[in-house]
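Reading through the structure tokens given below for one structure.
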Amino acid sequence: MNTLLRIYCLLACLVVSILTACTPGAPVPTITPPAPPTAIPVPLSSLVSLTTIYFREEGTAPKYVITAQIPRLAGSEDDRAKEFNEKAEKIIREEIQYFRENIIAHMPAAPVTNGSSFDTQYALVYQTNGLWALKFNFSGYADGAAHPFHYSMTINYDLEHGRELALGDLFAADTGYLKAISSFCIAELTRRNIGFYSGFERGAEPNDDNYRNWNITFDGILITFDEYQVAPYAAGPQTITVPYSELKPIINPQGPLVAVVR
């Protein structure tokens, strides 16, 4: 009898529990829906494309023509893209203004030859992992001069972080990166038949001004020496790519080149 009594009591408790759960007003268990997946931000570089704005200006007294290709990132109103565009355009506008003030302003009204000219073109040297490397090539002629002139300027930009890179940003602190780059470039220049050791050695010494024109590339750091910097005019500008294999020991392990050098 005791066993049957226990069974009846358990059954009674079970029925009461079921009835209580079904009673209006009884607390309903709360089901928490799963959190939505976190959206992965889209890199800005995948949203923009590099376009070109063409500029032309002419004058007759004195006679001159100025032409330019101005790079512009299109496809996004992000402040980082705007800052890149402003910086790239400023580089070109300032060089054009310098030509106006220092060459055109001193030319005679009647042309000696065909007048003066100034032209700017650019090349996209590298673009991946949010890094953009551009090289600006400037060429000009002052009416009556023996020959035209040429020079370069560069910009290396971390678009995802919205900042222009300095050469020192690529390397770990206190590594003497300029000396390493200079040593490689000097060794390469001495192998070229360009008259490097005819008074042009100082143009490759390890100082910031000598290595102001540089670009990130897939193979290494591209150094551009303008005409007259490391060789006579007839030899033209000189470019040297310092391979990453030469620089790997001194590259900043938290710097922008980590994604480039594998």
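Bear in mind that the values in this text are calculations on the coordinates, not laboratory data. Everything numeric in this text was worked out from a predicted model, so none of it was measured. Methodologically, a virtual Cβ is constructed for each residue, glycine included, from the backbone with ideal geometry; neighbour enumeration extends over all protein chains shown.
Miscellaneous remarks
- The angle between the Cα long axis of helix 2-22 and the longest principal axis of the Cα atoms of the chain comes to about 50 degrees, rounded to the nearest 10.
- Only aspartates and glutamates eight or more places from LYS63 in sequence, or on another chain, were considered; those with a Cα closer than 18 Å are GLU101, ASP119, ASP143.
- Label point at ALA109 placed 7 Å out along Cα→Cβ; residues across the stretch 52-68 whose backbone nitrogen lies under 11 Å: 61-62
- Between helix 79-102 and the chain: long-axis angle, C-alpha atoms, 0 to 90°, nearest 10: 10
- The charge dipole of the stretch 44-165, taken about its Cα centre with unit charges on the Cβ of Lys, Arg, Asp and Glu (plus for the first two, minus for the last two), comes to roughly 220 debye.
- Reach of LYS90 by Cα under 20 Å, taken over lysines that are not fewer than 8 positions away in the same chain: LYS82, LYS135
- Sorted fewest first by neighbouring Cβ atoms within 10 angstrom, ASP79, ASP219 come out as ASP79, ASP219.
- Footprinting exposure proxy ranking of PHE149, PHE84, fewest other C-beta atoms within 10 angstrom first, gives PHE149, PHE84.
- For LYS135, LYS87, the sequence from fewest to most other C-beta atoms within 10 Å is LYS87, LYS135.
- FRET efficiency estimate (nearest 0.05) - Cβ-Cβ, ARG262 to ALA61, R0 35 angstrom: 0.05
- Cross-link partners for LYS248 among the lysines, with Cα-Cα distance under 17 Å and sequence neighbours closer than 8 places in the same chain left out: LYS179.
- Between ALA146, ALA123, ALA68, the GNM of the chain built on Cα springs shorter than 10 angstrom shows ALA146 fluctuating the most.
- In this label model, THR217 and THR241 are separated by 0.4 nm, measuring between points 7 Å along each Cα→Cβ vector.
- Note on the chain: dipole from Cβ charges, positive end direction compared against ALA259, ALA231, LEU167; the farthest Cα belongs to ALA259.
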